[in-house]
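Here's the structure we're looking at; comments come further down.
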Amino acid sequence: MLLYHGSNVEVSNPQILKSDRRLDFGKGFYLTSSFDQAKRWAELTVKRRETGKATVSVFDFDDTSVSDLKILHFTQAQKEWLEYVSMNRKNQVIPNDDYDIVIGPVANDRTMPVISLYFAGIYDIEETIKRLMPQKLCDQYTFRTENAIKKLMFLEVK
């Protein structure tokens with residue numbers, strides 16, 4: 001399976017970087033199966049960092065050889081996904097969060113107004129999920145351990 005990573009530089013050797021950014025699935029190396037989504041991430045990274053060139057690094061991920069990894073997979077925006085994203089975005093400790101890979105929808109610019117209203121207590125979980133369901137959410141794959149990153153093979157830059 002092809003996965004894409006958008007950045008302002010080529011990333012041929014992925015690493016888990018320590019960051020204080022509060023991301024959906026916590027710290028890790030983020031990819032998507034959508035080239036268009038990765039391209040948007042690359043363009044946003046160039047804008048935010050004010051340096052580099054929008055670059056999409058392409059990886060092959062053999063998802064048939066992951067029996068030795070602990071994987072959490074959210075198939076859609078659901079209650080458990082929202083709670084998990086919320087806890088990561090708020091930098092809260094999640095019990096038993098020792099996953100190698102976390103897969104699920106991305107809370108992007110279109111979804112953040114809805115999620116922000118949930119954080120503010122204006123929407124409850126049910127209302128938030130109801131408002132997120134019609135949106136076509138791209139996926140994200142977060143490789144959170146070195147063992148997981150070893151399953152990626154760099155192919156090219158687009």
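What pairs in 130/150; 90/158; 39/79; 39/150; 18/130 have C-alpha atoms more than 32 Å from each other?
Those over the limit are 130/150; 90/158; 18/130.
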State the Kirkwood hydrodynamic radius of the stretch 1-67 in Å, one decimal place, computed from all pairs of distinct Cα atoms. 12.7 Å
Sulfur and carbon atoms: percent of accessible area, the chain [1.4 Å]: 49 percent
Based on alpha-carbon centroids, what's the gap between the stretch 29-51 and the stretch 73-152 in Å, whole number please? 18 Å
Evaluate the charge dipole of the chain about its Cα centre and quote only its size in Debye, nearest 20, assuming +1 on the Cβ of each Lys and Arg and -1 on the Cβ of each Asp and Glu. 580 debye
Size of the dipole of the stretch 79-158 about the Cα centre, Lys and Arg at +1 and Asp and Glu at -1 on the beta carbon, nothing else charged, in debye to 20? 260 debye
Charges on Cβ only, +1 for Lys and Arg, -1 for Asp and Glu, centred on the Cα centroid of the stretch 75-158; of 92, 114, 125, which one is farthest towards the dipole's positive end? 114
At 0.36 nm per residue, and after removing the present C-alpha to C-alpha distance, how many nm does the segment from residue 133 to residue 116 gain when stretched out fully? 4.5 nm
At most 14 other Cβ within 10 Å, DSSP loop - trypsin sites (Lys or Arg not before Pro), the stretch 66-126: 90, 110
Net charge over other residues, Cβ less than 11 angstrom from the Cβ of residue 70 (K, R count +1; D, E count -1): -3
Accessible area per residue, Å², the chain with all protein chains present, probe 1.4 Å: 57 Å²
Residue-normalised 222 nm signal for the chain, counting each DSSP H run of n ≥ 4 as -39,500 (n - 2.57), nearest 500 deg cm²/dmol, is -8500 deg cm²/dmol
Quick one: if you stick a label point 7 Å off each Cα along the C-beta vector at residue 51 and residue 146, how many nm between them? 2.7 nm
Run through every distinct alpha carbon pair of the chain and return the Kirkwood hydrodynamic radius in angstroms, one decimal place. 16.3 Å
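The values are calculated or read from the model by the stated rules, or taken from the named source; none is laboratory data. A quick note: this is a predicted structure, and the numbers were derived from the prediction, not measured. Here the Cβ is made from the backbone with ideal geometry for all residues, glycine too, and neighbour counts use every protein chain on show. Side chains included, ligands, DNA and RNA excluded: accessible areas come from the protein's heavy atoms. Shrake-Rupley method; radii C 1.70, N 1.55, O 1.52, S 1.80 Å.
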